[in-house]
Amino acid sequence: MLNDIWYHTFFVKDGKLVHNEKDADLELNGVWCHNDASQTIREQMVEVAGSTILDAGTSTGFFSCLFENMGAVSYSSDIQDRVGRRGMKKELGQEDRFIHENIYHLNQREDISMPFDYVWCQDVFCHLEHPILALRNLRSVCGKKIFIATDRFEYAAKEESICKYHNNIYTYSYSESFLKQILTDCGFINPNKKFSYFAYAGKRHPAFTRDPARISVGNPTIDEMKKRGRWVDVYEGTVNPESPKFPSNKLLDWKIK
């Protein structure tokens, strides 16, 4: 598990998820660290307790583990089935309810018989070439509400900037108006920015390791991790029961696999 490429930073104490490295007897460093914002995330996402939630694009599974720790029945999905996620679930004594699937194909999974109450999708839309198709797929498996967590960019505050193309890895960044509009068009009502939090760069961030493979662990200071950090805005939308999961005029996209 220690040799796997880690995207998230985990702190564990006596088999339980904690959020301060000083409290941990096991520290697994990742490219990003969301632990400093954990209290904000827990407070803002308290409604998921006792419900099912899909962590779509889970990577190494931090949010899946966090929501399970908060009392939710947490599922996860990703195009890659990572050894690290499986190992962390075992370390925490959590059931690994993983769906190995491309986000564009979730609508075709016959084993998803009932929608999840909630869907969480963090650090995924920035990498997608087809964000609207992905959102329609997430709508097809969402029963109550969706949460889209995405980076904040200064230009995005300007309404004339709908989205910005970056490169073939970090593909798009989006304006607030764009995200709210596609949430509405894809079957959600009352879209809004629910909360924001600041994520530190983790010790595996390439800036601290000069390692493109993200296997090495650097030794940055807290100030250096903050300097490389970023604001994350979390948007929410409530499922509109009167809206079709996928419009009939878009069935060509719907059937692609």
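Throughout, read-outs are computed from the coordinates displayed, never taken from laboratory work. This one's a predicted model, so the numbers in the text were calculated from it and none came from an experiment. Using ideal geometry, Cβ is built from the backbone for each residue, glycine included, and neighbour counts are taken over all protein chains shown.
Below 9 angstrom from the Cβ of Y118, what's the summed charge of the other residues (Lys, Arg +1; Asp, Glu -1)?
Taking every Cβ under 9 Å from that of Y118, the sum is 0.
How far apart, in nm, are two points set 7 Å out from the Cα along the Cα-to-Cβ line at N69 and at R210?
Going by the 7 Å Cα→Cβ label model, 3.4 nm.
Label-point separation (nm) for D23 and K90, each offset 7 Å from Cα along Cα-to-Cβ?
Each label point is offset 7 Å from its Cα along the Cβ direction, giving 2.6 nm.
Just to be sure I understand: with springs between alpha-carbon atoms less than 10 Å apart, which residue in S140, S196, S51 has the highest mean-square fluctuation in the Gaussian network model of the chain?
Highest fluctuation among the options: S51.
For the chain, rounded, prolate or oblate, judged on the Cα gyration tensor with a ≥ b ≥ c (square roots of eigenvalues), a/c < 1.5 rounded, else prolate if a/b > b/c?
It is prolate, given that a/c is not under 1.5 and a/b is the larger ratio.
Of all beta bridges DSSP finds with both residues in the stretch 1-111, what is the antiparallel percent, to the nearest 5?
About 40 percent, rounded to the nearest 5.
Select from N168, L133, G30 the residue farthest towards the positive end of the dipole of the chain; place +1 on Cβ of Lys and Arg, -1 on Cβ of Asp and Glu, and compute about the Cα centre.
Farthest along the dipole direction, towards plus: N168.
Obtain the nm distance between the two label points defined at E129 and Q44 by a simple spin-label model: each point lies 7 Å from its Cα along the Cα-to-C-beta direction.
3.1 nm
Mind ranking 66-79, 23-36 by how tightly packed they are, going by the mean number of other C-beta atoms within 10 angstrom, highest first?
Numbers: 66-79: 21.4, 23-36: 19.1.
Top to bottom by mean Cβ count within 10 Å: 66-79, 23-36.
What's the FRET efficiency of N168 with I222 using the Cβ-Cβ distance as r and R₀ = 41 Å, to the nearest 0.05?
Here the calculated transfer efficiency is 0.80.
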